[in-house]
Each structure stands twice: as structure tokens, then as C-alpha cells.
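To keep things clear, I will list the structure first and then write my remarks on it.
The values are calculated or read from the model by the stated rules, or taken from the named source; none is laboratory data. Note that the coordinates shown come from a computational prediction; the quantities given were computed from them, not determined experimentally. Don't worry about glycine lacking a Cβ; one is built from the backbone with ideal geometry, like all the others, and counts go over all protein chains shown.
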Amino acid sequence: MSGLPDLAAVRKLDDADPLKTLRNRFRLPETLIYLDGNSLGALPIASAQSVLEAIERQWGNNLIGGWTKDDWIGASRRVGSMIAPLIGAQAHEVVVADSTSVNLFKLIVAALQARTGRSTVLTEPGNFPTDVYIAGGVTRLGQGHHLHKVPADEIVESIDEDVAVVVLTHVHYRTGRKLDMAAITAAAHAKGALIIWDLCHSAGAIEVDLHACDADLAVGCGYKYLNGGPGAPAFLFVAERLHATLQSPLTGWMGHQAPFDFSDDYVPARGIDRFLCGTPPILGIAALEQGVATFDQVNMKSLAAKSESLFSLLLEWVEASCGEHGFELITPRDASTRGSHISFNHEHAFPICQALIARCVVGDFRAPNTLRLGLTPLYTRFEDVWRAVVTLEEIMSERKWDKDEYRKRGRVT
Ligand SMILES: Cc1ncc(COP(=O)(O)O)c(C=O)c1O
């Protein structure tokens, strides 16, 4: 194929990859080219066994005793502490709980309550919908708050003394653009505002250092790069310096200082536990624990380096072989300003994505016209990227995407 190296040359890149054995931690169908780990991570080999163990031995044999014997009660903190090093946090600053959406709600309300007298929640238009919807929902609770949206490039200058909290996604779900966490956090602090970072597309994909950036609060999901499985529980981060002052508005019993006192009076737990709400989803956490364990002994710097190489080769090959087919790159080229997926706008993005999937190349589509390909450095091979581009070229040059069956949209696109 014109402009592309031959497969033997690409396989040499995989042979030389110091991270190549990490793929063995996952169950990936042999014929599938999976470029969607940024939506749903692959199944870690250890997960099925671990969930089965939690069901059969822990639940089956130990029943209610599992809360103590199998430390179910400590699961949210235990797995939170495993996530902590991946995002530059201390073990006691991260807890697994609820969904990203619910965690956003808890942290936005907590931040507003800690900044009384200020009325603005600041975000960017086109942020992930749940972030905008939850922030909007909070401002409609009748406390006189309002949501203000300004483009990411204008965020810093838009933070003033009325801003209570800034809510931003670190790596944008559509474009893959990465915001400057340190600079924006510093700008928020300079005006006395708090900041919440959504790490859904960062955690486990790129290097994140919440402490180096002096971040206040963060949320993220468990099912993308953390490989926790469909609907995996999410996590939240609260910097230790805020533990004593911030309070969750969802004052469930698991956030109580002594849940088993069964007292009528709510007293928040001292540390991050106060951001727990109800009973933790033990089976979901069992899967997430194995998902996060796939990062054992893995250095985030080397993962980031591999993600960069995958990205630049994919882009080089798409430009060489599909240059005339109308793809518009919307992800920044500069590695320091992007995450680990690559996105192209194309007027026929939906049928193109379906045609790829029909040929076992799984990426995803984001309305109205974005084709998104996730590069998961734990298990994506250079050969996968090469095969994906070869398939894309074939679909484009022969208009194989142009079929009614590829235009049908289901509930999930
Ligand atoms: C940036 C971002 N935030 C939040 C979510 C989803 O939140 P939840 O897990 O509550 O559905 C996603 C899902 O793709 C996302 O990309």
C-alpha cells in the first residue's frame, strides 16, 4: 500500500516494544483490532476469576461475613489507593464510589458550599455532557448559582472573584485536547476559586500529577483506561488540605464517622470517607480492582511514550494513505497538549465507523461527525494501528462505507 511500511517492518516495532508483554494481561479476541479502550477498556484476564471468587467464595460461603473477612468494607479505599499513584495523589486522597456523574454532583455542591458569597460555576461549552448537565442541575437547586460557559482558551481570563468552582475535563472526550492543569489550577487559586478536574480520559492513559498541579478535586470513571468493566464504579479525589472543610451533600450512612453506631445525627467521617454515600458495589469493585492491577509495575512515563509513538504513526499513515479522503484532524499534533486518542471529523464519520467495525476494527463515533480511535498503550500494538489504517484506506478508496446498512443508528452510537 502506498505510503505505508510493510507489515514485517511494523512487526519489528512491536518486537522492540518494551511494553509488549502487558497485552498478555488482557483477553482480546485474536481477530479484533480494538481501538476503543477510551470508551470501554478490554477485559483483564484476572477479572473473571476475581469476580467469580467474590461471588462464589466470598458471597456464597461467607455471606454477610464478607464485609469483614473479605474486607468489603475497605474495598472503596483499597482500590482508591491503587488508583492514587496513577494520578499523582496520596493513597488516602482517592476513593472509589458511585459514578462520575454522581461524584461531580457531590464535589460541585461541596465546592459551592465552601465558597459562599460566590455564584458562578465555570466550565467550557462542549465539555462532556454529563459535566455540563450536572453543573447546570446544581445551579438550579435554588441557591442563586449560575453556570457560565466559556471556550477553554478563555477560561483563565474568565476566572474572577465571583467564580466559586471551575469544572473542566483534563483531556477532552471529543478532540483529545489536554488542558494545562497546572496553569488553570493556579489561575483559579489566584482568584480564590476551587477547581474540579474530570480525569475520565486521563487516568491510566497519560501521566497525571494532581499534587504537582496543586489540584483541589477530581473525578474519573473506572471503565475506560482503568479497565474496570462496563459501568464500573468511579473514583474521586479530594486534596488532603480540604478534607476537614468540604462536605458531601449526599450524606449517606457510609460517609458517616461511625456508620455502625446507627445514630440519628449525621457526623461526617474525618477523611475522604465522607464522600462515600451508600453501600459500595462489591462485585463491580472486584472487577475494577483487577482492572487497576493491570498497571502493576508499569511506569506511566513509558506508557505515555508508547501512546505518543502509536499516535504519531497512526497520523503519519492516515495522512499518507487517506490524505485525499476528507478527514480533518481535530486532535492537537503536539504530544504535550493531547491525551491518548485521535479524532477526525468527516461528513460520513458514522457509516465509516460502522464499516470499520464490520471489518473488526473497533473505534467509535461521536455525533455529529467525529471518528475517534483510542490508543491504549497497555495493549494496542503497532500492528493494530497499521491494520486499522489499511482497512480505513480500503473502505475509503472503494467507498465501501457507502451502504444503507452502515447508516442505521441504534440507541447507542
Ligand atoms: C469526560 C467524561 N466525563 C464523564 C463521563 C461519564 O460519566 P458517567 O460514568 O457518570 O456516565 C464520560 C463518559 O464517557 C466522559 O467522557
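Per the listing ASN103, ASN62, the residue uniquely of a type outside the set (A, V, I, L, M) and touching a Lys or Arg at 6+ places or on another chain (Cβ under 9 Å) is ASN62. Within segment 101-145, being among the polar types (S, T, N, Q) and either more than 23 Å from VAL208 (Cα to Cα) or surrounded by 24 or more Cβ atoms within 10 Å (Cβ to Cβ) (or both) holds for ASN103, GLN113, THR116, SER119, THR120, THR123, THR139, GLN143. Tallying residues that are without any contact (Cβ under 8 Å) to a residue 60 or more places away in the chain and assigned to a strand (DSSP E or B) within segment 101-147 yields 5.
Close Cβ contacts (under 8 Å, 6 or more residues apart or on different chains) running from residues in segment 88-100 that are under 10 Å from PHE275 (Cβ atoms) and within 12 Å of the ligand (Cβ to nearest atom) to residues that are modelled with pLDDT of 95 or more and part of a loop (DSSP other than H, G, I, E, B) comprise ALA97/PRO233; ALA97/ALA234; ALA97/LEU276; ALA97/CYS277; ALA97/PRO280; ASP98/PRO233; ASP98/ALA234; ASP98/CYS277. The combined condition, being without any contact (Cβ under 8 Å) to a residue 12 or more places away in the chain, on the phi < 0 side of the Ramachandran plot and either in contact with a Gly (Cβ under 7 Å, 6 or more places away or on another chain) or surrounded by 15 or more Cβ atoms within 10 Å (Cβ to Cβ) (or both), is not fulfilled by PRO268. Condition check for THR337 on (1) surrounded by fewer than 17 Cβ atoms within 10 Å (Cβ to Cβ); (2) farther than 26 Å from LYS301 by Cβ; (3) at pLDDT 95 or above; (4) not aromatic (Phe, Trp, Tyr): one failure, at (2). Among the residues making up segment 30-44, those that are more than 16 Å from the ligand (Cβ to nearest atom) and more than 14 Å from LEU226 (Cα to Cα) are GLU30, THR31, LEU32, ILE33, TYR34.
With respect to the conditions (1) surrounded by 17 or more Cβ atoms within 10 Å (Cβ to Cβ); (2) within 16 Å of the ligand (Cβ to nearest atom), ALA75 lacks only one, and its number is (2).
Scanning segment 343-369 for residues that are β-branched (Val, Ile, Thr) and touching a helix residue (DSSP H, G or I) at 6+ places or on another chain (Cβ under 6 Å) gives a single hit, VAL361.
Taken over segment 329-353, the criterion of being free of Cβ contacts under 8 Å to residues at least 60 places away in the same chain, in contact with a strand residue (DSSP E or B) (Cβ under 8 Å, 6 or more places away or on another chain) and within 17 Å of GLU393 (Cβ to Cβ) is satisfied by LEU329, PHE344, HIS346, ALA349, ILE352, CYS353. Taking (1) of a type in the set (Val, Ile, Thr); (2) more than 16 Å from the ligand (Cβ to nearest atom); (3) surrounded by 22 or more Cβ atoms within 10 Å (Cβ to Cβ); (4) over 15 Å from GLY80 (Cβ atoms) in turn, VAL298 satisfies each apart from (3). Name the residue, out of SER39, SER76, SER50, SER81, that is among the small types (Gly, Ala, Ser) and over 19 Å from the mean Cα position of the chain (by Cα). From the options SER39, SER76, SER50, SER81, the qualifying one is SER50. Applying the selection to segment 11-37, what residues are closer than 14 Å to GLN297 by Cα and aliphatic (A, V, I, L, M)? Hits for segment 11-37 are LEU19, LEU22. All conditions but one from (1) touching a residue at least 40 places away in the same chain (Cβ under 8 Å); (2) crowded, with 21+ Cβ neighbours inside 10 Å; (3) closer than 30 Å to GLY37 by Cβ apply to ILE155; the one that does not is (1). All conditions in (1) over 23 Å from PHE311 (Cβ atoms); (2) acidic (Asp, Glu); (3) in contact with a Lys or Arg (Cβ under 9 Å, 6 or more places away or on another chain) hold for ASP214, with the sole exception of (3). Among the residues in segment 210-219, are any surrounded by fewer than 16 Cβ atoms within 10 Å (Cβ to Cβ), on the phi < 0 side of the Ramachandran plot and more than 24 Å from the chain's Cα centre (by Cα)? No, segment 210-219 contains no residue that is surrounded by fewer than 16 Cβ atoms within 10 Å (Cβ to Cβ), on the phi < 0 side of the Ramachandran plot and more than 24 Å from the chain's Cα centre (by Cα). At least 1 residues being basic (Lys, Arg) is the threshold, and among the strands (runs of 3 or more DSSP E) wholly inside segment 325-384 those reaching it are 364-366, 370-374.
Quick check on this structure: which one of VAL138, VAL166 is more than 30 Å from ASN345 (Cβ to Cβ), of a type in the set (A, V, I, L, M, F, W, C) and within 16 Å of the ligand (Cβ to nearest atom)? Testing whether each residue is more than 30 Å from ASN345 (Cβ to Cβ), of a type in the set (A, V, I, L, M, F, W, C) and within 16 Å of the ligand (Cβ to nearest atom) leaves just VAL138. Would you check if ALA164 is assigned to a helix (DSSP H, G or I) and of a type outside the set (S, T, N, Q)? It is false that ALA164 is assigned to a helix (DSSP H, G or I) and of a type outside the set (S, T, N, Q).
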